[in-house]
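Just below is one structure, and these are the notes that go with it.
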Amino acid sequence: MLWLEVSHTEKYMKLLIMRHGEAQLVADSDMQRPLTKAGINQVKQTAAWLIDNELIPKQGIDFAFVSPYLRTRQTFAALNEILPINDVEYSQDILPCSVTSIAHDYLDTKLSFLGQPECVLMVSHMPFVSYFVDIVCKQHISPLFATASVVVIEYDLKRSQGKLITHFQGI
């Protein structure tokens, strides 16, 4: 299991925050920019890294929050071909310019209804992902995310706070 024992009463879940893979520069709108072939390969490399580092529980990712933009939906689809993801929600609250505090409140509310998830994924955009790490970890880390990179956070729902454990920037 991916729950980390901190004391006899505390447990953390894994929160994976990921930026979409490389997208084409030109499309009818920013929302419609598809992944490039390189972007799809980046996502597959990230999935392999998560598996190789045993960051995904055997039953898979419990829940995924995904931006409704085409490139994030395609990133999710490529991940889901490799990693079992049990449920997904496409959320307007995690767009490139969304308010991170609102998204954090929504995350906590959703998690409270999921019981005790072991692993939750979010697929979104820069700069949102960077600022979201700051608000979740309650620190000014502001990590830069290369395309298809992911951070792994130990998240404590009771405290509504996490700790950044590792950041994969791709190969």
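The values are calculated or read from the model by the stated rules, or taken from the named source; none is laboratory data. Computed from a predicted model, the values in this text were never measured in an experiment. Quick reminder, even Gly has a Cβ in these numbers, built from the backbone with ideal geometry, and neighbours come from all protein chains shown. Please note that ligands, DNA and RNA were not included when accessible areas were found on the heavy atoms of the full protein model with its side chains. Shrake-Rupley method; radii C 1.70, N 1.55, O 1.52, S 1.80 Å.
Condition first: hydrophobic (A, V, I, L, M, F, W, C), surrounded by 14 or more Cβ atoms within 10 Å (Cβ to Cβ) and touching a residue at least 40 places away in the same chain (Cβ under 8 Å). Can you find one or more residues in the range 95-111 that meet it? So far as the range 95-111 goes, yes, one or more of its residues are hydrophobic (A, V, I, L, M, F, W, C), surrounded by 14 or more Cβ atoms within 10 Å (Cβ to Cβ) and touching a residue at least 40 places away in the same chain (Cβ under 8 Å).
For residue 88, indicate whether it is within 12 Å of the chain's Cα centre (by Cα) and open to solvent by less than 20 Å² (accessible area, probe 1.4 Å). No; evaluated as a whole, the condition is false for this residue.
Of the residues making up the range 117-144, those that are over 12 Å from residue 155 (Cβ atoms) and open to solvent by 70 Å² or more (accessible area, probe 1.4 Å) number 4.
Kindly evaluate residue 58 against the criterion of being assigned to a loop (DSSP other than H, G, I, E, B), open to solvent by 70 Å² or more (accessible area, probe 1.4 Å) and among the basic types (Lys, Arg). Judged against the criteria, residue 58 is a match. Remark: pairs (first residue in the range 42-56, within 15 Å of residue 85 (Cα to Cα); second residue open to solvent by 50 Å² or more (accessible area, probe 1.4 Å) and among the charged types (D, E, K, R); Cβ separation under 7 Å; 6+ apart in sequence or on different chains) are absent. Checked against (1) open to solvent by 40 Å² or more (accessible area, probe 1.4 Å); (2) without any contact (Cβ under 8 Å) to a residue 40 or more places away in the chain; (3) assigned to a helix (DSSP H, G or I); (4) not acidic (Asp, Glu), residue 74 passes all but a single condition, namely (2). Residues in the range 18-27 that are part of a loop (DSSP other than H, G, I, E, B) and open to solvent by less than 50 Å² (accessible area, probe 1.4 Å) were compared, and the one that is nearest to residue 123 (Cα to Cα) is 20.
Scanning the range 28-54 for residues that are over 19 Å from the mean Cα position of the chain (by Cα) and part of a helix (DSSP H, G or I) yields 30, 32, 37, 38.
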